[in-house]
Each structure stands twice: as C-alpha cells, then as structure tokens.
Amino acid sequence: MCAVPRGTAGAGVPPRLELADIVRAHGDAFRRTHRLATVQHRALRAIAACRTAVLGGHRDTCDRCGAERITYNSCRNRHCPKCQTLTKERWLAARRAELLPIPYFHVVFTLPHDFNTLAQGNPRVIYALLFRAAADTLLTFGRDPRHLGGTVGITAILHTWGQTLTQHLHLHCLVTGGALAPDRARWMAGRSSFLFPVRALSRVFRAKYLAGLQRAFDAGQLAFAGGTAALADRRAFIALLARLRAVDWVVYAKRPFAGPEQVLAYLGRYTHRVALSNDRLVDHRDGCVRFHWKDYADHDRGKVMTLEAEEFLRRFLLHVVPRGFMRIRHFGLLANRTRRGTLARCRDLLGQSPPADVPPESVAVLLQRLTGVDLSRCPMCGEGRMHVTALAGRVAPGPDTS
C-alpha cells in the first residue's frame, strides 16, 4: 500500500519529477509481469531513453569562452510528454492558415464506459468507429436543410483518458459554424450562438456507432478474450447492443469560440496532449506515484491522487494507441484529399484573402519564440555563440536493477 506523505523532507529544491523517471525505475519490472502490445513496449523504451545518452546527441562549444554543452536527442514518440511541443507548434502553424472568418464550435462525443474493456482488445476498431460515427453525425446534420444545408468542416481529436488516467473514450471536434452549399456557389452561414441540437446529435450518434459495431461483429473484425470472451456469442453481443441502445449517450456542445486566436488556443490544448504531462506529477517514493487531478464532480476542485507505480503504469499504457493510428482526423471541408481547393472556394465566397506563404521556422527560432531562450547563445559567458563541434554516439542502457 502507498502511504501519503505529509510533507517534503530535506532542504533544497529537488529536480523536477518526470514520467521518464518512473518508467526507468519500474518499467522493466512491469514488462516482466504484464503482457504488453509491441507499441506499448516501444513507448516505454522511448520515454525512458528520451534525451539521454542512450539516444546519442552532440556537443556544442562556445566560440568565445570555450564552454561545452552536450545535448541529447529526443525520442519523438508521440506518447512522450517531452516530445510534443515542437510537433504541436508546427501543426498549429499549418492550421492557422486554414482558419476561415466564421464562428467555430466545440462538440464532444463520448462513448459509454461499457466499451472500455472491448476497446482494450480492439482499439483500432473501436476508435475508428468513434471517428466515423461522430463525423457522419455532424455531416448529416450539416447537410440537412433544416440546419445548414451544406458541408461543414470538422477537425476531430481522440482522447482516451480521464483525469485519473482511467479510460474515458471521447472525441473533441472543432466544427465550422457554417457550410459550403452542394453547388459550391454559396456559403451557408449558421447562427453565431448555436450549431445543432445536442439531444438529436446524441441519438443519431448512438445509432450510427452501434450499427457500425454490429457490422464489425458480423465481419469478424472484433477479438474477444478475458473479460469480453462471453461477447463472442452472438446473442450476448446483441444483448449488449440492445442495452446500450436503451441508455442516453453523452454529446456536449460548448460555447462558440470568440475568434481565431481562441480557436488556436483550443487546438493547442487538445491536439498533441498525452495522457499525463510532467507538470501534473507531484512525487515518486516508496513505490508510489502522486499526481494532480481535477475532480469535475466536485466543482472542478484540484486534488492529488496516489497510485502504486505498477497501477500508474498500467493506467498510462491504456492510452497508447496502435501503431500508425491517426489521433487527429479531418472531415468534410477539411478532408485531406480536397482541402486545398475547397478552402480556396470558401475564402472566395467569404471575401477572405489567401493566407501568406510563411516558411517554416527552424527549431532554434521556434524554441526562442516559445521560451525566450536563445539556444545559440552561450549560457556561461552570455556573449559567445554555441557551435556543434562533435557528435555523441549512443550509449547502451545500463543493466536492469528493478
């Protein structure tokens, strides 16, 4: 059992705790006692090795005072909390050029928790169905003449976690507050404060998802084992669908965004997040991990949760998505194959000038903009410039002492 510490022992400020520290301390022991998918093994190895000598790096030398600095390479694994900032900023720069001068809405589609165990054995099928059912629902309402009568644009972002790292399968959707008419001759503007009725969205979403799940079962695309083994029987599976069809599903529409800057702030918060960021970690001692979480059922009050390291890693790995699975997808006006031409047509109809062609920022320029730190300037003398003078080869990881 984990004892909850009552204070911080020792003087001085300890180094900031990172997820990598926990993985390095307990990852090997966890692998020996748990059956993991290949992508989960890779995530643990990458997080443990990130920005260490295991991945190699380079040595910088100041051209004025001769000070040296070794910088190690990042793992670039999308589940690593240290490797998302640059990817996110470059993705946001591309999305900034696609924003139209219209209202945007934030709609969240949530799967019932009955799907959690089924998703653990069939993540690719369950998650792909979530994307398709939510997008089809929004496109159906957008094309309905009683609402907009045209094609909306959708950016959908998969999240699989709740605040305590348990499974909470949901999709955040950014939706245009207007639509392109079928003949592409008109822009169909929607109301600035309302998109679609959420109760109707919920019913259609539920019907589309369950119909897709039935097709997946009939096509033999679902695997059943452990806690879901009984569902391999058709009658049991049909009974599950009937039970889920009888309950309300949660679809939530948030207030519309005030402008493009707010849209980009939203995207930055949701797109490249991982299940737990390093700044939520409190401490790691006596085989336990403590981290901050927000209790939405208790007026969004901030709390601290304590988990044994084994349970902490188990929960974290629930949210490692299958290899190659796209967590961010675009539909309707923003569908990848037709996006360039469709957005150009929308801009013409809305009287918006084409976006300026801005060259991508280098890593150094991007980091200086985000942090205010000029990595090329010597941190010792403050006047010289740092230049790469040698490469640091990879070093094999140390022996397992867990």
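Tally Lys and Arg at +1 and Asp and Glu at -1 over the other residues with C-beta under 11 Å from the C-beta of residue 17: what net charge comes out? Intermediate values should be presented prior to the final figure.
Details: positive: 16, 280, 285, 290; negative: 18, 21, 279, 283.
For residues surrounding residue 17, the net value is 0.
Among (1) 24.3, 77; (2) 23.2, 75; (3) 20.2, 63, which is the computed Rg and Dmax of the Cα atoms in Å? Checked against the structure: label (1). Rolling a 1.4 angstrom probe over the stretch 33-139 with all protein chains present gives an accessible area of which 48% lies on carbon and sulfur atoms. Within the chain, the cysteines lacking any other cysteine Cβ closer than 4.7 Å to their own Cβ are 173, 346.
Working with all protein chains in place, sort 284, 170 by solvent-accessible area computed with a 1.4 Å probe, largest first.
Working: 284 55, 170 15 Å².
Correct descending sequence by accessible area is 284, 170.
Placing a label point 7 Å from the Cα of residue 247 along the Cα-to-Cβ line, the residues of the stretch 110-130 whose backbone N sits under 15 Å from it are 110-119. Hey, if you drop one equal point scatterer on each alpha-carbon of the stretch 259-379 and run the Debye formula without solvent, what base-10 log of I(q)/I(0) do you get at q = 0.10, 0.16 Å⁻¹? Ignoring solvent entirely, the Cα scatterers give -0.62, -1.14. Computed over neighbours whose Cβ is under 13 Å from that of residue 247, the net charge equals +2, Lys and Arg +1, Asp and Glu -1. Computed from label points 7 Å out along Cα-Cβ, the spacing between residue 293 and residue 264 is 3.4 nm.
With both labels modelled 7 Å from their Cα along Cα-to-Cβ, the residue 186 to residue 132 distance reads 3.3 nm.
Which lysines have a Cα lying under 20 Å from the Cα of residue 303, excluding residues fewer than 8 positions away in the same chain? Candidates past the 8-residue exclusion: 294.
Here is how the number arises for the chain: DSSP H runs of 4 or more residues each give -39500 (n - 2.57), the sum is divided by the residue count, and the result at 222 nm is -11000 deg cm²/dmol.
For the stretch 267-338, what does the accessible surface come to per residue with a 1.4 Å probe? Please give it in Å².
Values: 3670 Å² over 72 residues.
With all protein chains present, the stretch 267-338 gives 51 Å² per residue.
Between the residues 83, 52, 67, the greatest Cα displacement towards the positive end of the dipole of the stretch 20-100, with unit charges on the Cβ of Lys, Arg, Asp and Glu, is found for 83.
Full extension of the chain segment joining residue 143 with residue 278 gains 44.3 nm, where the gain is 0.36 nm per residue of separation less the Cα-Cα distance.
Which aspartates and glutamates have a Cα lying under 20 Å from the Cα of residue 82, excluding residues fewer than 8 positions away in the same chain? By straight Cα distance, residue 82 reaches 18, 21, 279, 283, 361, 374.
Along the axis of the charge dipole computed for the chain (Cβ charges of +1 for Lys and Arg, -1 for Asp and Glu, origin at the Cα centre), the listed residues 231, 112, 92 are led at the positive end by 231. Selection among 318, 299, 380 by position relative to the dipole of the chain gives 318 as farthest towards the positive end (Cβ unit charges, Cα centre). If R0 is 60 Å, what FRET efficiency do you get for residue 255 and residue 387 from their C-beta distance, rounded to 0.05? With a Förster radius of 60 Å, E is 0.75.
The values are calculated or read from the model by the stated rules, or taken from the named source; none is laboratory data. No experiment lies behind these values; they were computed from the predicted model shown. Cβ coordinates were reconstructed from backbone atoms using ideal geometry, including for glycine residues, and neighbour counts include every protein chain displayed. Just so you know, the surface numbers come from the protein's heavy atoms only, side chains and all, with ligands and any DNA or RNA stripped out. Shrake-Rupley method; radii C 1.70, N 1.55, O 1.52, S 1.80 Å.
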